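Derivation of every value follows stated rules applied to the coordinates shown; laboratory data play no part. All values reported here derive from a predicted model rather than from experimental measurement. Here the Cβ positions follow ideal geometry from the backbone for every residue, glycine too, while neighbour counts run over all protein chains shown.
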Amino acid sequence: MRCDKTMLLAQISDIHCGQMLRKETLRAAIKEINNLSPDMVLVTGDLTENGLISEFETASKELKKLRAKKLIYLSETMTTAQQDICSLKSFSNFHK
């Protein structure tokens, strides 16, 4: 069976929310992605600088501005593997 449908996929990676975050740059990238009207956005790489709750709150606030039919998060932090698991669970609680 042949599928003639196309899908527009966008990706944003390694936003590193924290003290060094340039919100204007992140917001411009999100605006560019939204202007594409993608079917799906992949959010990959490091969401935070240090895995702090406040950094996840910032990431959630900014990433909620993405507009797509489907958002997929394949991200981790720059902390130890055990903290990564806890951090991702924390982020999923913030990003509802």
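When segment 37-53 is filtered for residues that are within 30 Å of THR6 (Cβ to Cβ) and part of a strand (DSSP E or B), the ones remaining, listed by number, are MET40, VAL41, LEU42, VAL43, THR44, GLY45.
ASN34 meets all of the listed conditions (1) surrounded by 13 or more Cβ atoms within 10 Å (Cβ to Cβ); (2) under 15 Å from LEU74 (Cβ atoms) but one, namely (2). Filtered by the rule that a residue be over 12 Å from the mean Cα position of the chain (by Cα), farther than 17 Å from LYS70 by Cα and not in a helix (DSSP H, G or I), segment 1-36 gives MET1, ARG2, CYS3, ASP4, GLY18, GLN19, MET20, LEU21, ARG22. Answer yes or no as to whether LEU52 is in contact with a helix residue (DSSP H, G or I) (Cβ under 6 Å, 6 or more places away or on another chain), touching a residue at least 24 places away in the same chain (Cβ under 8 Å), of a type in the set (A, V, I, L, M) and surrounded by 14 or more Cβ atoms within 10 Å (Cβ to Cβ). In short, no.
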